[in-house]
Structure formats: structure tokens, C-alpha cells
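To keep things clear, I will list the structure first and then write my remarks on it.
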Ligand SMILES: [Zn+2]
Ligand SMILES: [Zn+2]
């Protein structure tokens, strides 16, 4: 039988036909699930007087189920969304939660405000075979096995509350030091690239479930500039206090005061390194992350620019593993670089 564009398979066996006594019914797995969920509505089919009545019973159970479950999964024959079903679902969540909906009803955005007054958007895409849910969370938002929009929305609201500590830690970090990347952080971004000195920066990856614990640190800058900081970060690990803000811990760990963007307005140029190949500060949002090791030079380059530059110098370039070696475009001393996507 086909109901609401869904095909259900039933196998009836009637040993005493035309009487229904002793009849047995085998159904497809999706129908088994429906019968289980609607068990209070499932009658004893042996009491039915005819096949027609059995089919009518099964049909009414499925229809009842479809009315209350997973209405947003339904589509009509043309593949368009089930407008009425979606509207009913939005109604149950509350119209004030609707941020936007497109004209074909295949994408809707629901909004929610968490306990710290942060605004969150849940994007729901209904165009494909299964609905897609996208939330700006530091970990993927999973909503498998949930059948109504309201339940998905409730789970989304609950999960947002679980990341409060993470977002607070990131906010403190953003206001406590000079963030080089991301230029405009999203609520889902778990990393920050931070200015340390004129030629050194670091990238930290923060664990969303334990945001104030010791983060993963990656260093950027010339080997001479980075060396002392890297050693300190290893030697002084025990000064990290998991109840202090991350930037406070970084300052304690490295025994420095981290520069702040507003403090550096006058000398911003000396901090803001420009790539010596493309003469830009940002390339696809990234600041230069390679620095020439020659202390007299110390010029900065985007990894992409330097890699392409070294590869273009066919005579003087050699490769080892995936690393390319050549000379600095500025001082002509040896310099090396990994492919841009290997970091
Ligand atoms: Zn560049
Ligand atoms: Zn150089």
C-alpha cells in the first residue's frame, strides 16, 4: 500500500479464507516500527470481518502515525515540501523562533537566545532525502533518530547551553589579546592565532568540552624567534591553572605580556607583517606564517606564496619529502617550506 508517497509492504496469510480467523500478517521493517510505536492502536486483526477491513485498520494506523510523527519528512508527488506539515511544526515551536524560511519551504532558520544572551541559528535543509541540521557549534550537531522539528529544536537549545563555558573562554581570549585569525570568529571556531611578539605568533586549539585546560599550541615565526617560547611552554607546563582565562595562562607560561591590538595602534605596522611576495597582510583571511630564519632578514611570507615561489625556482629548488628547499626571495639565504595544506 502507498500512503503519503511512502510504500509499505504487507503480507497477509488467511488459512480460513474468507474468514479472517487464524490470519497472520508479515510487514516490512518500517511498518513494524510504526506498529510498535502505535501499539495501543493496533487491534487484533483476527476480529476483522474481511480483508478490506484489515487494510482499512492498517491504513488508519499509518495515517495516525504520519499525523504525529516526522511530518517534515513528507513530500508530495512532485517532490515539494509538505507545507502544511512544516507550518504545523513551526506553530508548535512558536512563530517567534522562526528567523526565516525560503519560498519553497526547503530551508528554514530557527533562532534561539541562550542564557548568556548569545543568539544561535539552527538551519534546517529539507531539500534532500533526509533533512540536514546545521548549527554553529564547536562540535557537529547530531540529531539522528529524532522525528519532530520541535524535538530537534529542544535538543539544539540544550546543546547550546552545554557550550557556555567554551564561548565564555573564547570571548575572554578575544578581548584579552590580539587575535590575528580568524578575522571574524564564528561560534564554531575552536582555534585562535594570537600575536606574541613582532615576529612570533601562536595558534591554539581549544577543547570545547574542557576549554580552560592546556590547549594544543602551534608556533609561527623564525626558528630563532620561536625557540625560547617553545622551550618555556614545555618546561613551565605546571603554571597553567585551569580556572584562569587562557590569555592570562599564556602570559604566565611564556613570562611576557601579550600585545593587544588597541595598545599597538601606533606601532601596528611593526606587528602587522606583510607578505614580502604578495605585499598583502591577508591572503584568504590568513596572515603570513613563514618567516626567514636569517636574523638580518626575518621577512614574513604566506605559506602559499612562499611554496609557489620556491617551486617556481626550478634550478635552485630541491625537494625532500613534501618539503621544498630554496632561497629567500629577500636575502637569498636558504629557506624551506611545506605545502600550504599540510598544516
Ligand atoms: Zn603572500
Ligand atoms: Zn631572508
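Coordinate-derived values only; no laboratory data. Since the structure is predicted, the reported quantities are computational estimates derived from the model, not experimental observations. FYI the Cβ positions are ideal-geometry reconstructions off the backbone, even for glycines, and counts take in every protein chain you see.
Please give the length that would be gained between residue 88 and residue 136 if that part of the chain were fully extended, namely 0.36 nm times their separation in residues minus their C-alpha to C-alpha distance (nm, one decimal).
Details: separation 48, 0.36 × 48 = 17.28 nm, distance 2.56 nm.
Computed gain between residue 88 and residue 136 is 14.7 nm.
Taking the beta-carbon count within 10 Å as an exposure proxy, list 240, 309 from fewest neighbours to most. Walk me through the numbers on the way to the answer.
Values: 240 17, 309 22.
If I rank by nearby Cβ atoms, fewest first, I get 240, 309.
Is the shape of segment 31-189 rounded, prolate or oblate, going by the alpha carbon gyration tensor and its root eigenvalues a ≥ b ≥ c, with a/c under 1.5 for rounded and a/b larger than b/c for prolate?
Working: a/c = 3.47, a/b = 2.55, b/c = 1.36.
The shape class here is prolate.
Which of rounded, prolate or oblate describes the chain when judged by the alpha-carbon gyration tensor and an a/c cut-off of 1.5? Can you show the working numbers first?
Working: a/c = 3.27, a/b = 2.55, b/c = 1.28.
It is prolate, given that a/c is not under 1.5 and a/b is the larger ratio.
What is the angle, in °, between the Cα long axis of helix 83-93 and the longest principal axis of the Cα atoms in the chain? Nearest 10 is fine, range 0 to 90.
The answer is roughly 70 degrees.
Taking R0 as 22 Å, what's the FRET efficiency between residue 191 and residue 171 from their Cβ-Cβ distance, rounded to 0.05?
Numbers: r = 15 Å, r/R0 = 0.68.
The value I calculate is 0.90.
Using 0.36 nm per residue, how much length does the chain from residue 9 to residue 251 gain when fully extended, once their Cα-Cα distance is taken away?
On the way: separation 242, 0.36 × 242 = 87.12 nm, distance 6.67 nm.
That works out to 80.5 nm of additional length.
For an R0 of 45 angstrom, estimate the FRET efficiency from the Cβ-Cβ distance between residue 330 and residue 97 and round to the nearest 0.05.
Details: r = 56 Å, r/R0 = 1.24.
E(calc), rounded to 0.05, equals 0.20.
Could I have the simple spin-label model distance between residue 241 and residue 157, label points 7 Å from Cα toward Cβ, reported in nm to one decimal?
3.8
Among 245-257, 32-44, how do they line up from the highest to the lowest mean number of other beta-carbon atoms within 10 Å? Provide the component values of the computation, followed by the final result.
Numbers: 245-257: 17.5, 32-44: 12.8.
Taking the mean over residues of other Cβ atoms within 10 Å, the ranking is 245-257, 32-44.
Apply 1/(1 + (r/R0)^6) to the Cβ-Cβ distance of residue 119 and residue 338, taking R0 = 35 Å, and write down the FRET efficiency to the nearest 0.05. Could you put the intermediate results ahead of the total?
Details: r = 39 Å, r/R0 = 1.11.
Computed FRET efficiency for residue 119 and residue 338 comes out at 0.35.
Under 1.5 on a/c is rounded, so check that first for segment 166-264, then, if it is not, pick prolate when a/b is larger than b/c and oblate when it is not; a ≥ b ≥ c are the square roots of the alpha carbon gyration tensor eigenvalues. Before the final figure, lay out each step's value.
Values: a/c = 1.59, a/b = 1.18, b/c = 1.35.
Oblate, since a/c reaches 1.5 and b/c is not below a/b.
Students often check this: by mean Cβ neighbours within 10 Å, which of 14-21, 164-171 ranks highest, and how do the rest follow? If you can, show how the numbers build up before the last one.
Details: 14-21: 11.8, 164-171: 17.1.
Top to bottom by mean Cβ count within 10 Å: 164-171, 14-21.
Quick one: order 112, 1 by neighbouring beta-carbon count within 10 Å, fewest to most.
Details: 112 18, 1 12.
Sorted ascending by nearby Cβ count, the order is 1, 112.
Applying a 10 Å radius around every beta-carbon, put 211-218, 288-295 in order of their mean neighbour count, most first. Kindly include the intermediate steps, with their values, before the conclusion.
Working: 211-218: 16.8, 288-295: 21.4.
Answer by packing, highest mean first, reads 288-295, 211-218.
Report, in degrees rounded to the nearest 10, the 0 to 90 angle that the Cα long axis of helix 164-176 makes with the longest principal axis of the chain.
20
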